[in-house]
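Quick note: the coordinates plus some simple rules give every number you see, no bench work behind them. Source: prediction; values computed, not measured. Neighbour counts run over all protein chains shown; Cβ positions are idealised from the backbone, glycine included.
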Amino acid sequence: MIAPLLELHDLQAGYRDVPIIRGVSLSVEAGRIICVIGPNGAGKSTVLKATMGLLRIFGGDVKFAGEVITNVATEKHVDMGIGYVPQVANVFASLTVRENLALSVRQRKQQTVALEEVLALFPELKPKLGAAAGALSGGERQMLAFARCLILKPRLLLLDEPTAALSPLLVGNVFKKIAEIAALGTAILLVEQNALRALEISDRAVVLSNGENAAEGTGAELLANSRIKDLYLGGHGASPAAPREPARAASY
């Protein structure tokens with residue numbers, strides 16, 4: 001059995017003194033995609049921000065690679081190998097694509113990967129290196145946000161609503177890239193409103209309601225659960241997920 005890379009145990013966190021999540025527990029292994037779904041206001045994004053050290057944790061623990069990192073500074077999370085792609089403001093619009101990527105590695109001590117290796121994963125960015133990030137399409141900006149994180153070679157990637165406001169075609173492209181990144185050995189904790197598509201690519205999922213675990217299981221189990229579909233997926237079914245590649249050692 002693979003040891004978890006990230007473990008959240010009874011996590012309680014919020015803004016100022018107001019708790020938003022009230023006891024969330026989950027784990028993520030290398031090369032696996034764990035999805036967090038639930039209604040608006042359930043605390044999904046708060047889970048990511050607390051994990052990344054952006055919010056004060058009131059109770060519970062965050063463990064990464066067996067080490068407790070509860071309330072450790074965000075920059076330490078980055079140095080340990082945790083990457084975070086927020087939903088908005090995830091690229092510098094006035095800088096070029098090349099400058100965005102170069103800025104990610106500046107003054108960082110951890111191992112990085114060559115620009116060519118990242119562009120091999122995101123070939124659509126190669127002809128855009130000299131373009132301003134603000135001139136990119138929505139899908140291209142999301143690819144750049146992923147690339148900015150991956151150039152730091154994270155072991156864990158936290159993704160907050162990566163398909164928000166994208167067209168159906170671009171949504172499919174983003175989910176395909178997420179699966180490719182996981183297949184390279186990166187652990188992924190994904191928060192996503194497009195629950196049907198997210199569950200199709202996820203190894204496991206946690207459903208949040210009112211800041212707490214309401215249900216969990218494999219993506220396939222939750223897609224087949226009529227109660228979950230009625231409460232959280234709008235009662236719609238989903239096509240069976242295509243099998244993902246087994247995890248390999250990271251090489252991007």
Query raised in the report: If you bin the C-alpha pair distances of the range 148-225 every 10 Å from 0, what whole percents do you get?
Result: 16, 49, 31, 4
**Report entry** Cα-based Lys proximity count in the chain, under 26 Å, for pairs eight or more positions apart or on separate chains
**Finding:** 29
Query raised in the report: So which residue, out of 101, 222, 115, gets the largest mean-square fluctuation from a GNM of the chain using Cα contacts under 10 Å as springs?
Result: 115
Report summary line: With -39,500 (n - 2.57) per DSSP H segment of 4 or more residues and division by the full residue count of the chain, the 222 nm estimate, nearest 500 deg cm²/dmol, is -9000 deg cm²/dmol
Report summary line: Here the Cα Rg-to-2.2 N^0.38 Å ratio for the range 1-142 is 1.19
Report summary line: Lys and Arg at +1, Asp and Glu at -1: neighbours of residue 60 with Cβ under 15 Å from its Cβ sum to 0
**Report entry** Nitroxide proxy distance, nm - points 7 Å out along Cα→Cβ at residue 65 and residue 231
**Finding:** 3.7 nm
Report task. Could you tell me the largest-minus-smallest coordinate of the C-alpha atoms of the chain on each of the three principal axes, in descending order and whole angstroms? Result -> 49, 40, 36
Query - Cα-centre dipole for the chain with unit charges at Cβ (Lys and Arg positive, Asp and Glu negative), debye to 20 - result: 500 debye
Query raised in the report: Considering only the chain, what is the antiparallel percent among its DSSP beta bridges, to the nearest 5?
Result: 60 percent
Query raised in the report: Taking springs between alpha-carbon atoms closer than 10 angstrom, which of 46, 163, 74 fluctuates most in the Gaussian network model of the chain?
Result: 74
Query raised in the report: Which whole-number percent is the relative contact order of the range 1-134 (Cα, under 8 Å, 6+ apart)?
Result: 21 percent
Report summary line: Listed residues 164, 50, 13; largest mean-square fluctuation, Gaussian network over the chain with Cα springs below 10 Å, found at 164
